[in-house]
Each structure stands twice: as C-alpha cells, then as structure tokens.
Amino acid sequence: MEKIVELGLERFKEQNRQKVHFVNDKTANNLLNDIDNNPHVYVLACLMDRQIKAEKAWIIPQKIFDIFTTNEIDKLSEIDKNNFVEEFENNKLHRFNKDMAEIFYAAIQHIKNKYNYDASKIWKDKPSSALVIYRFLEFKGCGIKIATMAANILARQYKIEFSDYYSIDISPDTHIMRVMKRMGYVSNDSNREMVIYKARELYPKFPGIIDSSCWEIGRQFCKPKNPDCDNCIIKEQCKKII
Ligand code: SF4
C-alpha cells in the first residue's frame, strides 16, 4: 500500500470528530460545526461553495441568519424567495447573487419537504456513500464536486458513519494537485479529473482518504516554494518532480 494511503488511513482511525475551521468568524464556525443540532447550516454552506473563495462562501449562512435574526430552519422556511434574492443582492453575498439566493431558498424548502426540517436525515442510519452523494445532488444547484466534498467532510472530519466509502472521491485543491504531481502519481499537466481517478486507483475502497494526507504534506513540507524534502514523511516514495 502506498505511504500516502497508509497515512490517510492512520489519520482517519486515530482522530475523533474534529472541529473544522471553515471561517474566521467564531460564531459562524461554531454553528457550522454544530452538525448534531444544526445540520442544515452545514448543508446550506456547502451549497454556497461555488466560484468564490471558500471563506466567503461558508460565511453566507451566518450572514443570512444575522439579517433575518434566526437560524432555525422552520422560521427560515417561511421567508419568501424574493426576500432572499433582495438580501443577497443588497449585501453582495456572492458573485451570483440571484442564482445563489434561489439555491439557498430551494435548499431550505427541500430540507423542509423531503427531510421534515431535519437535514441530518441525509446521512443518518449509516447510508452508503453513494446514497449520501445522491441526496446532495438532489439539491438545486449541487454538482458532483460539492456533493463529493460534502460527503468527504462528513466522513473524514465529522466522523459520520457510512456503510461504505467507495463513492467518496478526493476533492483536489491546490495543495493536493501539487503533491500528487510532485510525487509523480500524475503528470505535470494533469487536470482535476485525472487526480480523482488516480486516487480511485490508489485506494478504491475510499479514494477520498488521501485528501488529509496530501493536505497535511502540502501544508507542512511540500510548500509551493522551497519544499522541505529532507524532512518530508513520504520522501522515500516521492519522485520529487519539482
Ligand atoms: S518529498 Fe519533497 S516533493 Fe515529495 S512530497 Fe515531500 S516535500 Fe513534496
């Protein structure tokens, strides 16, 4: 087994539920991490994570809650779609304010109608990874990239149990792309899809498992400039294509 997979599996087993740092705002971050009591906040934030910086996207639910003075899903479900559009546009919450306001509104209605206000039903009772991803894809505006990322964070960081992890792909960000290329797993001109399929080849049972190892290595050793190969924990298996 490749060291990068071993490392990912070790981290997955040894860590308890982690507090995830999504945004610098403490209140917003606490709410995003309160997945047992406020699961809809996590879902709404995932859906906003499109074509803008993650920090800006993940804070949007909190900004909406401040504007409407509630984060309760039943109260949010009573707000008219046009009010969301107006507030998104007035406060310039997103790059695509009208579309994202409609997605935000539709997500609340979907959680109300399909899950009886309880978004945790998306991942409750040990569903398969494919089912969780499918349920995310049912939300308006949710593509495979968001659906996979959402399932991956649920499994690896929130420690939500699934019956399998086959469908949870890696979510390649700049750290992951850099490490995969320098290690020689993919060629230098590879795109996101190629990295996703290489991760599937490396560990089909849970391709997304190497997210954490690549991320850790990318942050600690394999920095964009001056990679610290001498101290890197995977230096023996790395082709060091820099
Ligand atoms: S050995 Fe060097 S090039 Fe390879 S992953 Fe580590 S820091 Fe990056």
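The values are calculated or read from the model by the stated rules, or taken from the named source; none is laboratory data. Computed from a predicted structure; not experimentally measured. Positions of Cβ are generated from backbone atoms using ideal geometry, with glycine treated the same way; all protein chains shown enter the neighbour counts.
Would you say Glu6 is surrounded by fewer than 20 Cβ atoms within 10 Å (Cβ to Cβ) and in a loop (DSSP other than H, G, I, E, B)? For Glu6, the condition - surrounded by fewer than 20 Cβ atoms within 10 Å (Cβ to Cβ) and in a loop (DSSP other than H, G, I, E, B) - is not met. Of the residues making up segment 173-212, not one is within 13 Å of Ile242 (Cα to Cα), among the charged types (D, E, K, R) and surrounded by 23 or more Cβ atoms within 10 Å (Cβ to Cβ).
Residues checked against (1) more than 9 Å from the ligand (Cβ to nearest atom); (2) at pLDDT 95 or above:
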site: Tyr185; (1), (2): yes, yes
site: Ala199; (1), (2): yes, yes
site: Leu202; (1), (2): yes, yes
site: Glu216; (1), (2): yes, no
site: Lys235; (1), (2): no, no
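Against the condition free of Cβ contacts under 8 Å to residues at least 24 places away in the same chain and either not in a loop (DSSP other than H, G, I, E, B) or not acidic (Asp, Glu) (or both), how does Asn82 come out, does it pass? Yes.
When restricted to residues that are within 14 Å of Met48 (Cα to Cα) and charged (D, E, K, R), segment 64-108 contains 5.
Mind listing whichever residues of segment 49-65 are more than 19 Å from Glu86 (Cα to Cα) and either of a type in the set (A, V, I, L, M) or not in a loop (DSSP other than H, G, I, E, B) (or both)?
Ile52, Ala54, Glu55, Trp58
Put simply, of Lys53, Lys126 the only residue that is modelled with pLDDT of 95 or more and loosely packed, with under 15 Cβ neighbours inside 10 Å is Lys126. Would you point out the residue of segment 119-154, among those that are in contact with a Phe, Trp or Tyr (Cβ under 6 Å, 6 or more places away or on another chain) and of a type in the set (Gly, Ala, Ser), that is farthest from Ala107 (Cα to Cα)? My answer is Ser129. Restricting attention to segment 127-166, which residues are on the phi > 0 side of the Ramachandran plot and among the charged types (D, E, K, R)? Listed by number, the list holds a single entry, Lys159. The conditions of being among the charged types (D, E, K, R), over 19 Å from Lys75 (Cβ atoms), at pLDDT below 95 and more than 16 Å from the chain's Cα centre (by Cα) are not met by Asp99.
Could you check, for segment 169-180, whether at least one of its residues is charged (D, E, K, R) and within 16 Å of the ligand (Cβ to nearest atom)? Among the residues of segment 169-180, at least one is charged (D, E, K, R) and within 16 Å of the ligand (Cβ to nearest atom), which makes the answer yes.
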